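Chemist: The following block contains the structure, expressed as structure tokens.
The values are calculated or read from the model by the stated rules, or taken from the named source; none is laboratory data. Since we're looking at a predicted model, the values are computed, not measured. Positions of Cβ are backbone-derived with ideal geometry, glycine not excepted, and every protein chain shown enters the neighbour counts.
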There are 4 protein chains.
Amino acid sequence: MRFFSDNAASVCQPVLDAMAAANRADTAYDGDSLSRGLDDAFGGLFGTPVTVLWVATGTAANSLALAALCPPYGGVVCHRDAHIQNDECGAPEFFTHGAKLHLAEGDGAKLTPGSVTAVLDAIANDVHRVQPRALSITNATEYGRVYTPDEVAALGSLARARGLGFHMDGARFANAVAHLGCDPADLTWRAGVDVLSFGFTKNGGMSAEALVFFDRTRAEGVAERRKRAGHLLSKGRYLAAQIHALLADDLWIANGHAANRAATTLAEAAAGRLIHPVEANELFLRMTPDEAAALRAQGFEFYDWAAGEIRLVTSWDQPDAEVAALAAALRAL
Amino acid sequence: MRFFSDNAASVCQPVLDAMAAANRADTAYDGDSLSRGLDDAFGGLFGTPVTVLWVATGTAANSLALAALCPPYGGVVCHRDAHIQNDECGAPEFFTHGAKLHLAEGDGAKLTPGSVTAVLDAIANDVHRVQPRALSITNATEYGRVYTPDEVAALGSLARARGLGFHMDGARFANAVAHLGCDPADLTWRAGVDVLSFGFTKNGGMSAEALVFFDRTRAEGVAERRKRAGHLLSKGRYLAAQIHALLADDLWIANGHAANRAATTLAEAAAGRLIHPVEANELFLRMTPDEAAALRAQGFEFYDWAAGEIRLVTSWDQPDAEVAALAAALRAL
Amino acid sequence: MRFFSDNAASVCQPVLDAMAAANRADTAYDGDSLSRGLDDAFGGLFGTPVTVLWVATGTAANSLALAALCPPYGGVVCHRDAHIQNDECGAPEFFTHGAKLHLAEGDGAKLTPGSVTAVLDAIANDVHRVQPRALSITNATEYGRVYTPDEVAALGSLARARGLGFHMDGARFANAVAHLGCDPADLTWRAGVDVLSFGFTKNGGMSAEALVFFDRTRAEGVAERRKRAGHLLSKGRYLAAQIHALLADDLWIANGHAANRAATTLAEAAAGRLIHPVEANELFLRMTPDEAAALRAQGFEFYDWAAGEIRLVTSWDQPDAEVAALAAALRAL
Amino acid sequence: MRFFSDNAASVCQPVLDAMAAANRADTAYDGDSLSRGLDDAFGGLFGTPVTVLWVATGTAANSLALAALCPPYGGVVCHRDAHIQNDECGAPEFFTHGAKLHLAEGDGAKLTPGSVTAVLDAIANDVHRVQPRALSITNATEYGRVYTPDEVAALGSLARARGLGFHMDGARFANAVAHLGCDPADLTWRAGVDVLSFGFTKNGGMSAEALVFFDRTRAEGVAERRKRAGHLLSKGRYLAAQIHALLADDLWIANGHAANRAATTLAEAAAGRLIHPVEANELFLRMTPDEAAALRAQGFEFYDWAAGEIRLVTSWDQPDAEVAALAAALRAL
């Protein structure tokens, strides 16, 4: 029973159906009608005109966003535990041509205006230091925490005041929105976000992410960067189809809810072990090696995180029976 | 009726079936059994141990291959009309961190030992000139020509003698092998090829290419480069599934034959107009603007290539009726 | 007797004196008064406000200029025989992060609006092709030819019409101005040049070039790029001192004249052998290997250029006796 | 009275004399006899064969060294306060094409096997994390501390055990050697250092650093990287001359002693204020803003470092009277 990553989940049926429906010849690359319809689809969702590009991975989405916001000689402020810092093998540095990540602190991988300001103020404004040019946050965070619209807006104000482009890594944006029940616009452009990596792969898609530019002037050159990174798929309609299928009838939110619900059930079962509040679909639990071994012996798969800690991740397709079984096993420890 | 690119073709049913069959949770990235089975599958096909990585696009495959063969301060000899020079928005320069493409001549986008030697000998061996470190050819070429095993071997000998890594862009490798009826090994590693971009996307796949390292020592660091380029898809099993489906029962060759056959039919119908011999699935025809307009008026879609020239590309899924219709229309001009 | 390169010449006395005079502690980097005085010094020379940075080499000057004009995914149109293409080991690609050089034709390494247009028009305006973003010419050229103000202006108009930044590699700008006797402003910003690499090293300096931005908005980020390339010397005052010394009393033009005069003398002696008109301080001569050997036997050093061709370069410090001796030897062949 | 940086010091007379003596035409770039003599000169000094390249700045030396040791997808472990992290505007990232600096802790900017191991062990060995490939230390450190041969050797053993190339930033190597009185070989290659940035600019030179490869196989490609970074000066003999002049009669050590001696005098005068032990030519003192203002009012120039802290740097050419005056002023506070 898989609780190690939503990365490994299956693809939901409407997505598969939409891909099958796209299986006729159409114009190549992103000239097909599905791809061309993305700007409108996201414009409708967010209530503002946007420029959207599909890519196949979150790493590509994040890195293209950062390249759009930060010159090679600039820096990106992010959390010390950010995915862009730890889990992309230096992709941001590759796409930006060597920008530096300035690492900030914060509980649960959440930045605050205070922690960002501390980083900014420590960087002398001269040619010897890499000057920050962008701010990147992850929502939901790498520890399953969720920024509220107000928290994002506070960072957005700071970003604007300091001349920083503002990026949100939304690999689990659906989980955040499902948790908050808010208008996606309030969590993004109304809070100052310039570019969003809107993830679908972890949430019922196969391999599709939307790079959403709220500040459309920031999109200059990004189509060229995508092509040059080998990310302009020649049959892009199959990617666009995935995204449209998940946007339809707010399926993306429903899938986010499903994953979050499973996590909530597990959180209740392991309340005494929680290292971080559970707001999305990830749980970090205190657990001895013996306890972890006991769970594994019952067929549960998950990551050891740090000494005495494990990570559980639930997915949109997690069977109720598996969740119930794990909840029972956690209580029984 | 689409004759503008095999890039836009549909996905063949066995590929769709294999993707559907892969739709259960499995380990993420390339740790799943399908991905882990690629080395063996290609090792069997080529009769030699190989290291294989999937990627989603030919541009990514080519660029990763060149980055593996050429340092940032080196150069890659290729044809003036090579896809890597003209159609990838500088992806080779991006992935290699600024290597230079040294452009060579040759009919039908085919290099010869003579044309490559002319480029090599014109580059003084000092620190001021970018020193060639790799040779890249495309088979079938951008003009639908096919290198024979002997022709590849002659270039392979030259590459080895001059200390160049040898890459083959096989976006249409299937069409070349189908045309030649040869052992794929004779067209590649036995002829000195170090790395092959083995294309499946144009040949019935959705978005899947195999980067095949015959010289496995050249693969050092390529997994990291793939990850860092955002090309390590989290649900890689769907890519691997496509490739396995096309390798099974030599479906890839059958699909290549189908496309080539359509091209041959058209070539016979337009024999007097051919600019290049038709050996794969592309035709370049002399044609006046009025003639081109007349074809388009009948519903045929294709590219204008140069003044007085058009390009036709046939696909694995080209309906016989469309081919017959276009052949008739060409004869009728 | 050295006729192989002005690169190897000595440093003129006023430069050495100025460097010695700078040998007192002052603020580091480019904060010293000599460095801070460069904008004004060049502003006076060119009759327009400019932003100027010193660097130690022409390669650095050219590459920083191109990085300022061209994004990583763009292209630079230059002559096939340009120094930036052939003699900098890929420095433009390094500094621009992988921009492509689009090679154009022209006698004597001189571009024309026609030859540039031919290159531009062959590049389809889509995301697959690297789009030109800059034009770079060398004046005097790599073959010792000189663009007139009108010729530069014609290219400047084209650049503006096509949206290209316009760079002039002026490693031998002094030789060009000395030849033309024109106002430096007419040869540069009044003719549409955005950035000039103004060379002093070949013209009596030790290691000093000025990167002159006529379009000051183009200078954004260039100080950071210089620092990050290791070109912000900590004792920059010694570089600035060289430049001020050569600007004073138009010493740079006098030195240019001296080198040109020597070349003219040699050109008269070898008139029948000239491959290119001699307009600056370089001569390209038809010469058999035996003749070349005979000259070398008399102590003259120079480069073999191509089969049956040699290159001679004269310097600001070329002794009259050496020039006379070589002239006599050439006549005697 | 300048105590803000040894970067701003004057050039010592033997260096100026050597540069003047080099002022005759010779072969360009690094083909002259002075440049070609560097391998032997340093080979003699270190008692082992070495490959040496001059460059004009420490930033270039460090960055070329790191590019030689670390691929674009690798990482460099260094101290959080290292010059390569904080003071080079991302030059290491530029030259390495985006490698990541992994930041480690340690008093006085000194790493220990423990602090390095802590960083290494926190990085999971998978393709998602940037894998460390090099270790870089600064000796003397950015806080004026000195690693002993044993301390370097302990780090060298760790580097070898973990497969890391080992670089020493020796911008103030002279100060370290002068302090230790040790054989330079014991502080470098005998302790496992693969590449040394040997600084001369801060120590009586004008702009000259030697990049010394003890592991000569690591030097592959570095000449090309230097050229491509615009650091192959055409009149390299003036750089080589500086280095030879400082190596002669151990002038570099004498200059290091002179600077250290001045620092020692100041340290005795301000013993109660020292934040770090004074082992080289830098002092970090606790000081209120009022005290700092009082010193400045007496004509002493220095940097404010952090709240309540100042930095003093002494130079080889610091007049005794200035040192005595500052010592007195410090005592009088």
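Chemist: So which residues in the range C:311-328 are assigned to a helix (DSSP H, G or I), closer than 21 Å to residue C:8 by Cβ and out of contact with any Phe, Trp or Tyr (no Cβ under 7 Å at 6 or more places or on another chain), if there are any at all?
Modeler: Residues satisfying the conditions are C:320, C:321, C:322, C:323, C:324, C:325, C:327.
Chemist: With the structure loaded, tell me whether residue D:231 is in contact with a helix residue (DSSP H, G or I) (Cβ under 7 Å, 6 or more places away or on another chain) and assigned to a helix (DSSP H, G or I) or whether it fails that test.
Modeler: No.
Chemist: Does residue A:126 satisfy the condition of being within 22 Å of residue D:87 (Cβ to Cβ) and among the acidic types (Asp, Glu)?
Modeler: Yes; evaluated as a whole, the condition is true for this residue.
Chemist: Can you name the condition, by its number, that residue B:169 falls short on among (1) over 23 Å from residue B:90 (Cα atoms); (2) in contact with a strand residue (DSSP E or B) (Cβ under 8 Å, 6 or more places away or on another chain); (3) acidic (Asp, Glu)?
Modeler: Among (1) over 23 Å from residue B:90 (Cα atoms); (2) in contact with a strand residue (DSSP E or B) (Cβ under 8 Å, 6 or more places away or on another chain); (3) acidic (Asp, Glu), the lone unmet condition for residue B:169 is (1).
Chemist: While we're here: Considering each of B:229, B:245, B:223, B:240 in turn, give the residue that is under 27 Å from residue B:23 (Cα atoms), surrounded by fewer than 20 Cβ atoms within 10 Å (Cβ to Cβ), in the same structural domain as residue B:23 (by TED's automatic domain parsing) and aliphatic (A, V, I, L, M).
Modeler: B:223 is the lone residue from the list that is under 27 Å from residue B:23 (Cα atoms), surrounded by fewer than 20 Cβ atoms within 10 Å (Cβ to Cβ), in the same structural domain as residue B:23 (by TED's automatic domain parsing) and aliphatic (A, V, I, L, M).
Chemist: Across the range A:228-247, what is the total count of residues that are more than 12 Å from every other protein chain (Cβ to nearest Cβ) and of a type in the set (A, V, I, L, M)?
Modeler: The number of residues fulfilling the criteria is 5.
Chemist: Let me ask something else. From B:104, B:91, which residue is on the phi < 0 side of the Ramachandran plot and surrounded by 24 or more Cβ atoms within 10 Å (Cβ to Cβ)?
Modeler: B:91
Chemist: Another question, if that's okay. Filter the range C:62-73 down to residues that are among the small types (Gly, Ala, Ser) and more than 8 Å from every other protein chain (Cβ to nearest Cβ) and give me whichever is surrounded by the most Cβ atoms within 10 Å (Cβ to Cβ).
Modeler: C:65
Chemist: If you don't mind, there's one more thing I want to ask. Which of the residues belonging to the range A:111-128 are within 12 Å of chain D (Cβ to nearest Cβ) and either in contact with a Gly (Cβ under 7 Å, 6 or more places away or on another chain) or in a helix (DSSP H, G or I) (or both)?
Modeler: Hit for the range A:111-128 is A:121, nothing else.
Chemist: For the range D:133-164, name all the residues that are in a strand (DSSP E or B) and either at pLDDT below 95 or surrounded by fewer than 24 Cβ atoms within 10 Å (Cβ to Cβ) (or both).
Modeler: The one that is in a strand (DSSP E or B) and either at pLDDT below 95 or surrounded by fewer than 24 Cβ atoms within 10 Å (Cβ to Cβ) (or both): D:133.
Chemist: Does the range A:43-53 include one or more residues that are in contact with a helix residue (DSSP H, G or I) (Cβ under 6 Å, 6 or more places away or on another chain), within 19 Å of residue B:17 (Cα to Cα) and crowded, with 23+ Cβ neighbours inside 10 Å?
Modeler: No, the range A:43-53 has no match at all.
Chemist: Given the options C:269, C:332, name the one that is among the small types (Gly, Ala, Ser) and within 18 Å of residue C:2 (Cβ to Cβ).
Modeler: The match here is C:269.
Chemist: Return yes when residue B:98 is without any contact (Cβ under 8 Å) to a residue 12 or more places away in the chain, in contact with a Pro (Cβ under 8 Å, 6 or more places away or on another chain) and within 14 Å of chain A (Cβ to nearest Cβ) and no when it is not.
Modeler: No.
Chemist: If I filter the range D:165-193 down to residues being among the small types (Gly, Ala, Ser) and either assigned by TED's automatic domain parsing to the domain that holds residue D:279 or closer than 20 Å to residue D:59 by Cβ (or both), which single residue comes out as surrounded by the most Cβ atoms within 10 Å (Cβ to Cβ)?
Modeler: Here the answer is D:174.
Chemist: Also: Looking for something in contact with an Asp or Glu (Cβ under 9 Å, 6 or more places away or on another chain), at the interface with chain C (Cβ under 10 Å from one of its Cβ atoms), under 14 Å from residue D:55 (Cβ atoms) and touching a residue at least 60 places away in the same chain (Cβ under 8 Å) - is there at least one such residue anywhere in the range D:174-196?
Modeler: Checked against the condition, which is being in contact with an Asp or Glu (Cβ under 9 Å, 6 or more places away or on another chain), at the interface with chain C (Cβ under 10 Å from one of its Cβ atoms), under 14 Å from residue D:55 (Cβ atoms) and touching a residue at least 60 places away in the same chain (Cβ under 8 Å), the range D:174-196 yields no hits at all.
Chemist: Here is a further query. For the range B:242-254, check the following and say yes or no: at least one residue is free of Cβ contacts under 8 Å to residues at least 12 places away in the same chain, more than 30 Å from residue B:318 (Cα to Cα) and acidic (Asp, Glu).
Modeler: Checking the range B:242-254: not a single residue is free of Cβ contacts under 8 Å to residues at least 12 places away in the same chain, more than 30 Å from residue B:318 (Cα to Cα) and acidic (Asp, Glu).
Chemist: Continuing with the same structure: Restricted to the range C:82-95, and to residues that are of a type in the set (Gly, Ala, Ser) and within 8 Å of another protein chain (Cβ to nearest Cβ), which residue is farthest from residue C:57 (Cα to Cα)?
Modeler: Residue satisfying both the conditions and the ranking: C:90.
Chemist: So residue A:124 passes all but one of these: (1) surrounded by fewer than 24 Cβ atoms within 10 Å (Cβ to Cβ); (2) of a type in the set (Gly, Ala, Ser); (3) touching a residue at least 40 places away in the same chain (Cβ under 8 Å). Which condition number does it fail?
Modeler: That leaves (3) as the condition not met.
Chemist: Within the range C:8-31, which residues are facing chain D (nearest Cβ under 7 Å) and not acidic (Asp, Glu)?
Modeler: Of everything in the range C:8-31, those that are facing chain D (nearest Cβ under 7 Å) and not acidic (Asp, Glu) turn out to be C:8, C:9, C:10, C:11, C:16, C:20, C:23, C:24, C:25, C:27, C:28.
Chemist: Report, by residue number, each residue of the range C:251-310 that is in a loop (DSSP other than H, G, I, E, B) and either among the hydrophobic types (A, V, I, L, M, F, W, C) or under 19 Å from the mean Cα position of the chain (by Cα) (or both).
Modeler: C:270, C:275, C:276, C:277, C:278, C:279, C:280, C:281, C:287, C:300, C:302, C:307
Chemist: Yes or no: residue A:113 of a type outside the set (Lys, Arg), closer than 29 Å to residue C:30 by Cα and over 20 Å from the mean Cα position of the chain (by Cα)?
Modeler: no
Chemist: Next up: Which of the residues spanning the range A:271-295 are among the charged types (D, E, K, R) and under 24 Å from residue A:255 (Cβ atoms)?
Modeler: A:279, A:282
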